[in-house]
Amino acid sequence: MPLAEGLFVSSNLTAMGNIAKPGCQTQCGNLTVKYPFGIGDGCFLDESFQLTCNDTKDPPKLFIGSENIQIYNISDSELRISNSIAFKCYNKSGVSEYFSGWYDFEGSPFTFSQKNKLNVVGCDDIAWFKGRPNGSSVEFTSGCSGFCSEESDVHNGNCSGIGCCQTTIPKGLQYYRAELQSVRNHTGVIGFNPCGFAFLSEESSFQFGGATTCKGNSSCNDADVGGYSCSCNKGYDGNPYLDPGCQDINECTDKSNFPCYGNCINTPGSYNCTCFPGHTGNATTLDGCRSLAEDSKFPVVVFVVVLVFGLLVISAVITGICFRIRKRKQVKPREKLFEQNGGVFLKQKLRATGGNDAVTMFSTEELRKATDNYSEDQIIGRGGSGVVYKGTLSDNRVVAIKKSKLVDRTQAEQFINEVFILTQVIHRNVVKLLGCCLEEEVPVLVYEYISNNTLYYHIHHRSGGMNWLSWENRLRVAVEAATALAYLHSQASMPIIHRDVKSANILLDDNYTTKVSDFGASRLIPLDQDQVMTLVHGTLGYLDPEYFQTSQLTDKSDVYSFGVVLVELLTGKKPICASRSYEEKNLATYFDNSMKENRFLQIVEPRLLHEGTLEQVQAVAEIAKRCLNEVGEHRPAMKEVAMELDGLRKFTTI
């Protein structure tokens, strides 16, 4: 597919006369240079109009400044310059070559002429063009896509979406970048279209040509002077430009060019030449075949071949038997672990509820393969209760795999009940539990993988938080996390206490959507019971003070922990900080004291006071203060917190 090599650039100045400045070079090859453009010191208006003439080329070539941008034509108000073509090429393994095309004339008097258009060429390609018009702070974004299934679908000169598409550019564009993406990595079209292209070019100079005139059994080759030429494939002859194309050569009838002194059989594009029966050797050379009867070594060779083949067969059979015995020995312990971890009970429960697809039961082999045998390189998280690995399943799904450190086998049925309920939790802001593996010493849980790190990372990785963490986005994250916890507490099929709410357990996907993660820390609340006796879980700085006194866990414990997360979002400070005084090392205490002493605004993230209003910041602080009440009964329900934050967010966006 031939691509345009030039594009027009306009200037807001016109040539001041028909000549260059006195004493300055006026010609570079066949191009005339007029002021304000100039070659050499003192010959141009300013650096934007400085040109360079490369006299080592034949003919000489003209370039903009010291840049590698060639000028093909120059007039009073326009330049025609070399193009920058973005491309992405693919092979069977994926992307093989990639280049992002761009131009930047910001700070100069040049803009891209509207004679140009944005082009995408390819049969499985989408391109995004981003740029900025002169004097505008708003970025221009446009897109275009080209698709086709077969080379015959493409029509020369037609750039309307089948193999090629075009779109216009805004007036005054000074900067643009083109990015390419394939939908299926060119699978299905790679034979005739391995690459996609995106570029800006002069509309009148770009003529789309998708198909060639080369006929059957011929190849298309790029010509040195532009265009292409056709040639017959090896083993074929004829005119590659005329139907029916090149024809097969019968090599067996041309002994001079294709010698054969044995049995010759013509094949498409080639031929086979073998010795006559009872002979062996090379039949393409004279006297190259010899009688098998004359070869005294032949019986020995046959005997050795048969012997080696027999030994290989026997070895393969023995290896197969050993493999089956070893596998059977491995299966028995796994079956025992499966039973001990509640696997039989889970199967019975699935059959009884008719939900055989509700919980996916993964095998040990599948998860070990997914994590490269639980490689250290695959670890994405560690906690007091276990380690989390990133894994890729056989269907290319990326998942998070949690291996716990301890297990109480007396609670196997309760664990299975929890897994069964948790897999039915479906909420856009809760990480989905996909299933489990019960063939390990400790049951393994498999979750959907969330790729964009934790809220803790985005708050504390740099001073002031990551750039995207504006007041509006912090409030959105708080609303989404609160909504997810409220769903777990009151709207799931059986209420669930999270038990370890913290910013490190609030994940963000590629769109910065909040995902509350659990990784096995939650516990179900029986419908006739408001609290659960449990071992100490959670993280210092987030733990409910009542928890240490009563050893009882309630949904208000999650409310307290969420209050700490709200304070993190407001202040950008960590839940435990050694640099603060002993009494205020704990962020919740530090926040409570600042509220009582009316110095809360001194600890708020400075950027938030500019991005939000004082009333909004104080309103969120009051919600956090109520969540952090030391008496659990006086804390609001999670549903109430979510509704108040959502109302505040909607008021903020009005």
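Taken one residue at a time, the phi angles of region 181-192 give Karplus couplings (6.51, -1.76, 1.60, θ = phi - 60°) of 9, 9, 6, 10, 6, 6, 4, x, 10, 4, x, 10 Hz. Gly and Pro are set to x. The relative contact order of region 122-219, computed from alpha carbon pairs under 8 Å that lie at least 6 residues apart in sequence, is 35 percent. Whole-percent P(r), region 86-125, all Cα pairs, 10 Å bins from 0: 20, 40, 24, 14, 2. Placing pseudo-labels 7 Å out from each Cα toward the beta carbon at Lys171 and Ile379 gives an inter-label distance of 6.2 nm.
Projecting the alpha carbon convex hull of the chain along each direction and taking the average yields 48.6 nm².
Spherically averaged projected area of the convex hull of Cα atoms, region 593-651: 4.5 nm².
The distance between label points at Gln25 and Asn239 comes to 5.0 nm (points 7 Å beyond Cα on the Cα→Cβ vector). Hydropathy at least -0.5 by Kyte-Doolittle, axial extent at least 27 angstrom from the Cα trace: which helices of the chain, defined as entire DSSP H runs, fit? The qualifying helices are 298-340, 471-490.
Could you work out the local net charge near Leu587, counting Lys and Arg as +1, Asp and Glu as -1, over the other residues with Cβ closer than 14 Å to its Cβ?
Result for the neighbourhood of Leu587: +1.
The amide H of Gly143, built 1.01 Å from its N in the peptide plane, has Phe129 as neighbours under 5 Å, considering only residues 5 or more places off or on other chains. The simple spin-label model puts a point 7 Å past each Cα toward its Cβ; for Val138 and Val313 those points are separated by 7.9 nm.
On a full-extension model of 0.36 nm per residue, what is the gain between Asp46 and Leu609, subtracting their alpha-carbon distance, rounded to one decimal in nm?
Working: separation 563, 0.36 × 563 = 202.68 nm, distance 4.40 nm.
Contour length minus the Cα-Cα distance gives 198.3 nm.
Each Cα pair under 8 Å and six or more residues apart adds its separation to the average, and for the chain the resulting relative contact order is 7 percent.
Coordinate-derived values only; no laboratory data. Here the structure is a predicted model, which means the values were calculated and not measured. When we count neighbours, we look across all protein chains shown, and the Cβ atoms used for this are built from the backbone with ideal geometry, even at glycine.
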